[in-house]
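Step one of this worksheet: look at the structure below.
Just so you know, all these numbers are worked out from the coordinates, no wet-lab data involved. As the structure is a computational prediction, the values presented were derived from the model and not from experiment. Neighbour counts are summed over all protein chains in view; Cβ atoms, including those assigned to glycine, are modelled from backbone coordinates with ideal geometry.
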């Protein structure tokens, strides 16, 4: 009888151990399933976020290209009479009007932030100026145009006529024969206060192959 009780006790212990092992394995399997499921969900979320960012980026690029297609032919037609490179004009318009999205360009067709004096043909808006090593916000009066073409022609005349205090202010701009030199001449001749202005123009020209309009 003692031997049977001992054998039964061992059998019960084995059952308990097997049950414990099975439960342990089930717990491990469940935890593993939860872990990989969570990883799969996170991976899918990351993929969806990346896809959304890429779609947003492509949408912005399409908008930029549409703006370039709109003003590119105008700049090419206007600039051929003014010793200016269309690639520079287009890049300036993209940069200064935020591809036609700025208030100044949308409301008043002013692509280049050209200032005005006559209250009847200009509007007062806020703008940023780079002074003493930092950007500051100031109010200024800007010219109103009836079309992008009028804005581009006024922009070209500015370089030809110079300023009221120096008719030859933009002589280096007009003498430049390629977009790199002309971009740097804009800073040299005092057109822009942003020290990185030339590099920004060159980057835009190369990113969107704007030099094709110079041919």
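Computed over Cα pairs, the Kirkwood radius of the range 5-129 leads via Stokes-Einstein (1.002 mPa s, 20 °C) to a diffusion coefficient of 101 µm² per second.
Mean-square fluctuations from a GNM of the chain, with a 10 angstrom spring cutoff on Cα atoms, peak among 25, 174, 85 at 25. Going by neighbour counts of Cβ atoms within 10 Å, the residues 105, 151 line up, fewest first, as 105, 151.
With neighbours defined as other Cβ atoms within 10 Å of a residue's Cβ, the residues 135, 165 order from fewest to most as 165, 135.
Each residue in 23, 158 was given a count of other beta-carbon atoms within 10 angstrom of its own, and listing them fewest first yields 23, 158. Recomputing mean projected area of the Cα convex hull in nm² from the coordinates shown identifies the correct label among (1) 11.3; (2) 21.0; (3) 13.1 as (2). Think of it as helices only: each DSSP H run of n ≥ 4 in the chain is worth -39500 (n - 2.57), and spread over all residues that comes to -21500 deg cm²/dmol at 222 nm. Classify the range 81-137: rounded, prolate or oblate, from the alpha-carbon gyration tensor (a ≥ b ≥ c, eigenvalue square roots; a/c under 1.5 rounded; otherwise prolate if a/b is larger than b/c)? Since a/c reaches 1.5 but b/c is at least a/b, the shape of the range 81-137 is classed as oblate.
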